Amino acid sequence: MSLYPSLEDLKVDKVIQAQSSYVANSGNLAILSETATSEQSDGALYPRLYPELSQYMGLDLNNEEIQKNMSLVVASDQTVARPSSLNNMVAPVTGNDVGLRRAEVKKGIREIILCKDQDGKIGIRLKSIDSGIFVQLVQANSPASLAGLRFGDQVLQINGENCAGWSSDKSHKVLKQASDQRISLIVRDRPFERTITMHKDSTGHVGFIFKNGKITSIVKDSSAARNGLLTDHNICEVNGQNIIGLKDPQIADILATAGNVITITIMPSYIHEHMMKRMASSIVKSLMDHGIPEV
């Protein structure tokens, strides 16, 4: 079964397939080659990426609470297509878009290897919340930023030591005492993220309105509507660029200059607002890295 980053790509591909049935040696389709396998949801809009995770920063994530606070999470037998996790994605419109690759959602638990900069720092601030250690801040152009650490990620281990129960001070002390050449972090991504790829119309819009980074309405028959963008979700990234902590005019500027294809990373506002409350939003807004990631 073919998979597509956007509905526009699917429609164009269907037209190309119909034409190629009459014409031999049709042109090559633009293919995004990835190595990971596709994943299916378990009957909900958001797949169970964290079957072992019952809470996040003290927020109860059991099925009853999710249904109560995110009413759009309803039972439906469908596949959630993530551009970052698909083989042989057919993209005749989107093509090999760099924003699609930057916006990769790395699901589950991963290892990150860091080395300190010339000042002996890696550029993150950690915070202890409910016996867990979370990334409160990633500084621009730091080793942590270049390695892909993000606000809200949970650090499970530092150099093989479990972080559960540590204080913020202890986690920073361990990092400070670690070797300059190699620091191993085991990290769990922030939950319930999705990516949506959209195409601008002739006026340069994809068709949604936001306030304070929260999507408040969707324009009928727009690319946003066609590709399943949801209200009551906050924008976390635009083409992989972190926008958490930015003001609306700054986000609008990034969207306006992002090119004709835009991939945004969104998170339910229910989760996002809890994260910001627990992580001291003033620090996030003043110091957070908003650089464009390399791919």
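The values are calculated or read from the model by the stated rules, or taken from the named source; none is laboratory data. Just so it is clear, the model here is predicted, and its values are computed rather than measured. Every residue, glycine among them, receives a Cβ derived from its backbone with ideal geometry; neighbour counts consider all protein chains shown. Surface accessibility is based on the protein's heavy atoms, side chains included, excluding ligands, DNA and RNA. Shrake-Rupley method; radii C 1.70, N 1.55, O 1.52, S 1.80 Å.
Of the residues making up the stretch 107-138, those that are within 22 Å of R182 (Cβ to Cβ) and within 18 Å of the chain's Cα centre (by Cα) number 6. In the set (1) modelled with pLDDT of 90 or more; (2) within 18 Å of the chain's Cα centre (by Cα); (3) open to solvent by less than 10 Å² (accessible area, probe 1.4 Å), I183 fails one condition alone, (2). Out of everything in the stretch 223-249 that is open to solvent by less than 20 Å² (accessible area, probe 1.4 Å), outside any strand (DSSP E or B) and touching a strand residue (DSSP E or B) at 6+ places or on another chain (Cβ under 7 Å), what residue ends up being farthest from P268 (Cα to Cα)? Ranking the candidates gives S223 first.
Within the stretch 149-177, the set of residues being part of a loop (DSSP other than H, G, I, E, B), open to solvent by 30 Å² or more (accessible area, probe 1.4 Å) and closer than 17 Å to R125 by Cβ comprises R150, S167. Listed by first and then second residue, the pairs linking a residue in the stretch 247-272 that is touching a residue at least 40 places away in the same chain (Cβ under 8 Å) to a residue that is small (G, A, S) and open to solvent by less than 20 Å² (accessible area, probe 1.4 Å), with Cβ atoms under 7 Å apart and 6 or more places separating them unless they lie on different chains, are I251/G213; A258/G99; G259/G99; V261/G99; I262/G99; T263/G99; T263/A103; T265/A103.
Flag set for K116, criterion: touching a residue at least 24 places away in the same chain (Cβ under 8 Å), of a type in the set (D, E, K, R) and either crowded, with 18+ Cβ neighbours inside 10 Å or farther than 15 Å from I186 by Cα (or both). Could you list, in sequence order, the residues of the stretch 178-204 that are closer than 26 Å to G132 by Cα, touching a strand residue (DSSP E or B) at 6+ places or on another chain (Cβ under 8 Å) and part of a loop (DSSP other than H, G, I, E, B)? Residues satisfying the conditions are A178, R182, D189, R190, P191, F192, E193.
Taking the stretch 1-34, which residues are at pLDDT 75 or above, outside any loop (DSSP other than H, G, I, E, B) and not small (G, A, S)? Correct list: L7, E8, D9, L10, K11, V12, D13, K14, V15, I16, Q17, Q19.
Somewhere in the stretch 188-210, is a residue surrounded by 15 or more Cβ atoms within 10 Å (Cβ to Cβ), polar (S, T, N, Q) and closer than 23 Å to P249 by Cα? Yes, some residue in the stretch 188-210 is surrounded by 15 or more Cβ atoms within 10 Å (Cβ to Cβ), polar (S, T, N, Q) and closer than 23 Å to P249 by Cα.
Within the stretch 126-142, no residue satisfies the criterion of being closer than 13 Å to G245 by Cβ, crowded, with 21+ Cβ neighbours inside 10 Å and in contact with a His (Cβ under 8 Å, 6 or more places away or on another chain).
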